[in-house]
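Asks: The structure's right below; bear with me while I get my questions together.
The values are calculated or read from the model by the stated rules, or taken from the named source; none is laboratory data. Nothing here was measured: the structure is a model prediction, and the numbers come from that model. As a convention, Cβ positions derive from the backbone with ideal geometry for all residues, glycine included, and neighbour counts pool all protein chains shown. Surface accessibility is based on the protein's heavy atoms, side chains included, excluding ligands, DNA and RNA. Shrake-Rupley method; radii C 1.70, N 1.55, O 1.52, S 1.80 Å.
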Amino acid sequence: MRIIPPKEHVYLEGPKSRTYELGFAWKVFRQLIKGFRTLHFVGPCITVFGSARFKENSFYYGKAREFGKKIADMGFTTMTGGGPGIMEAANRGAFESGGTSVGCNIRLPFEQKANPYVQTSITFEHFFVRKTMLVKYSYAFVIMPGGFGTMDEFFETITLVQTKIISQFPVILFGNDYYKDLMETIQVMAKQGTIATEDMKLVLLTDDVDEAMNHIRTYITSNYKVRPREPRWWLFEKR
């Protein structure tokens, strides 16, 4: 098995030569363009975040699979990080229901590999490029139980909502027992004035998939008119 060294240890060491920095910027630009080309026609998405470590027989795997089915039934594309666990389950639910299933994978030395239920897949070198794509094409976000990576994705999404970079985008925290301590901590933040109470209005903590989907449907139908993409292949995108 080939071990792929982490890239952060290179570009976080401090200033490099201008040639190196230009090359790095060019690589990032190429990844962004590749993402735009690959995902331009995938349709309006709902992104499901969650741990890669849940197995097929777990409760949360089953619920993520149900989310994929419900998202497909609503006419939306299910987008995930493209790997195993929760990501596989959500993609699988969409795939098995005849919906569209998309994965934005990341190249890692362990754990992450593309699951077999994605119809459109792209692999990124850097997390920040990948997260841009996972947010850019989505109208709502489902945060299933997960670890550091899932928390990173959740808090970055919430920060974008708080700073009005994205507006009226519903966020689901799924798993009352799993996330109750986190929500209590967030309430402490609100009481201390470090966040505004209204910043959390779009966040729903629930154990009910139907309640979650109704929450998403309410905000989408109230605030957005989803329009099909016009076929303009300025970057030679493929439908």
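Asks: Going 7 Å from the Cα of residue 33 toward and past its Cβ, which residues in region 123-147 have a backbone nitrogen under 18 Å from where you end up?
Replies: Backbone N within reach: 123-126, 129-130, 133.
Asks: For residue 127 and residue 96 in one chain, what is 0.36 nm times their gap in residues minus the Cα-Cα distance, to one decimal in nm? Mind showing how you got there, number by number?
Replies: On the way: separation 31, 0.36 × 31 = 11.16 nm, distance 2.83 nm.
Result for the pair: 8.3 nm of gain on full extension.
Asks: Keeping the other protein chains in place, figure out the carbon and sulfur percent of the accessible area of the chain, with a 1.4 Å probe. Mind showing how you got there, number by number?
Replies: Values: 7260 of 13070 Å².
Here it works out to 55 percent.
Asks: Only one of the values (1) 94, 31, 24; (2) 50, 45, 38; (3) 55, 40, 35 was calculated from this structure for Cα extents along the principal axes in Å; name its label.
Replies: It is the value labelled (2).
Asks: When DSSP assigns beta bridges and you keep just the ones with both residues in the chain, what percent turn out antiparallel, to the nearest 5? Intermediate values should be presented prior to the final figure.
Replies: On the way: 0 of 23 bridges.
Close to 0 percent.
Asks: Now a separate question. Among rounded, prolate and oblate, which fits region 173-215 when a ≥ b ≥ c are the square roots of the eigenvalues of its C-alpha gyration tensor, a/c under 1.5 means rounded, and a/b larger than b/c means prolate?
Replies: Taking the square roots of the gyration eigenvalues as a ≥ b ≥ c, region 173-215 is oblate.
Asks: With every protein chain present, what is the per residue accessible area of the chain (1.4 Å probe, Å²)? Numbers along the way, then the final one.
Replies: Details: 13070 Å² over 239 residues.
Per-residue accessible area for the chain comes out at 55 Å².
Asks: Hey, another quick one. What length, rounded to one decimal in nm, is gained on full extension from residue 197 through to residue 136, with 0.36 nm per residue of separation minus their alpha-carbon distance? Write down the numbers at each step before the final one.
Replies: Numbers: separation 61, 0.36 × 61 = 21.96 nm, distance 2.52 nm.
Full-extension gain reported as 19.4 nm.
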